[in-house]
Amino acid sequence: MNSISTRLLPAVLAGLLVSPTVSAESYGFKGINLGSNISQLANTLKYDCRSVKTPTADQVCTPRPGAAETIAGAPVDTIFYFYAQSLLTGISVYFPEKHFTDVVASLSSKYGVSVIEKETVRNLNGKSFENQIHTWHQGAESMVAQRYSGRLDKSSVRISDDAAAQRVKERRERIKREPGSDL
């Protein structure tokens, strides 16, 4: 090694040791992270929780009428928090499509570069539109932002525990085989 490299190496290593690291915190929305307990929402006046039977949940919580929410400054049309055995397995946030670019920019700022897929969607008149789907992965969790989500005027962000559906399915099958395991 030359003398400059020898002098710089300790400084570079020290810089690596004190540089900030990316948090391994679970994905979530406004402090409600995947894996958190339903009590964070159920014990508030802002949300209403009810029983459901979806592939990833046995309870869902939604804002009560009149409760407003935003994502990256954009108004949220609706939001669903999905729970299995009282633990959060997914969040779906729907908002006006005109805010999609700003929401994706905010997510990218917080979580880094996404993987982008593009697909063509058509309206009822047959006109084509390019749908953008941005995906972030962290361990067994994913976050997917979709420009057109069911309608051309709606976008969505879906945050998921990728293994939740399998766990819920296995639990439901076990209860069918062994009803006593659900006591």
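The values are calculated or read from the model by the stated rules, or taken from the named source; none is laboratory data. None of the values given here were measured: they were computed from a predicted structure. Every residue, glycine as well, gets a Cβ built from its backbone with ideal geometry; the counts of neighbours run over all protein chains shown.
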Being polar (S, T, N, Q) and under 12 Å from the mean Cα position of the chain (by Cα) narrows it down to one of Thr101, Thr135, so name that one. Thr135
Kindly indicate whether Val115 is under 23 Å from Ser26 (Cβ atoms), surrounded by 14 or more Cβ atoms within 10 Å (Cβ to Cβ), modelled with pLDDT of 95 or more and out of contact with any Lys or Arg (no Cβ under 7 Å at 6 or more places or on another chain). no
Only one of (1) of a type in the set (Val, Ile, Thr); (2) crowded, with 17+ Cβ neighbours inside 10 Å; (3) without any contact (Cβ under 8 Å) to a residue 24 or more places away in the chain does not apply to Thr56, and that is (3)
What number of residues within region 85-108 satisfy the criterion of being surrounded by fewer than 14 Cβ atoms within 10 Å (Cβ to Cβ) and among the aliphatic types (A, V, I, L, M)? 1
Cβ-Cβ under 9 Å, sequence separation 6+ or interchain: first residue in region 65-92 and in contact (Cβ under 8 Å) with a residue 40 or more places away in the chain, partner among the aromatic types (Phe, Trp, Tyr) and in a loop (DSSP other than H, G, I, E, B). Which pairs? Ile91/Tyr27
Take region 137-183 and flag every residue that is farther than 26 Å from Asp102 by Cβ, part of a loop (DSSP other than H, G, I, E, B) and either at pLDDT 90 or above or hydrophobic (A, V, I, L, M, F, W, C) (or both). Ala140, Ala163, Leu183
Of (1) of a type outside the set (S, T, N, Q); (2) touching a Ser or Thr at 6+ places or on another chain (Cβ under 8 Å); (3) over 15 Å from Ser160 (Cβ atoms); (4) in a strand (DSSP E or B), Tyr83 satisfies every one except (3)
Subset of region 98-136 (residues that are farther than 23 Å from Leu88 by Cα, assigned to a strand (DSSP E or B) and polar (S, T, N, Q)): Thr120, Ser128, Asn131, Gln132
